[in-house]
Amino acid sequence: MDGWLRRRLRCVHLKRCKSSRTIIGFLVGKGVRRGEASKLASSGKGWWPLSDTEQAKRAMPIAWFEAVGLVSMAGHHAALNLAGNRRGA
């Protein structure tokens with residue numbers, strides 16, 4: 001579930017950039033090489049497939065989502081299970 005949510009947020013972020021120029025600027029600012037960024041920005045694919053590319057994952061890794069404030073659902077689930085918060089327990 002966490003992976004799907006991160007991919008969806010990558011999709012939304014790329015879509016918010018709107019133009020190829022701003023997508024390239026964002027990706028280059030996040031450390032993606034200009035050639036790879038322009039290849040992604042000029043792609044004819046939709047937003048959903050673009051969000052699963054290596055360039056998008058490199059620009060918006062898991063650490064980036066944690067820095068932005070996205071909380072991992074898997075971590076919370078594991079913490080609840082360790083605490084014994086189950087029905088019938």
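The values are calculated or read from the model by the stated rules, or taken from the named source; none is laboratory data. On a predicted model such as this, the values are computed, not experimentally measured, just so you know. Quick reminder, even Gly has a Cβ in these numbers, built from the backbone with ideal geometry, and neighbours come from all protein chains shown. In case anyone asks, the SASA skips ligands and DNA or RNA and just uses the protein heavy atoms, side chains included. Shrake-Rupley method; radii C 1.70, N 1.55, O 1.52, S 1.80 Å.
For volume of the Cα convex hull per residue in Å³, pick the label among [x] 99; [y] 116; [z] 158 that corresponds to the value derived from the coordinates.
[x]
To the nearest 20 debye, what is the magnitude of the charge dipole of the chain about its Cα centre, counting +1 on the Cβ of each Lys and Arg and -1 on the Cβ of each Asp and Glu?
300
How would Thr22, Thr53 rank on accessible area, largest to smallest, probe 1.4 Å?
From most exposed to least exposed: Thr22, Thr53.
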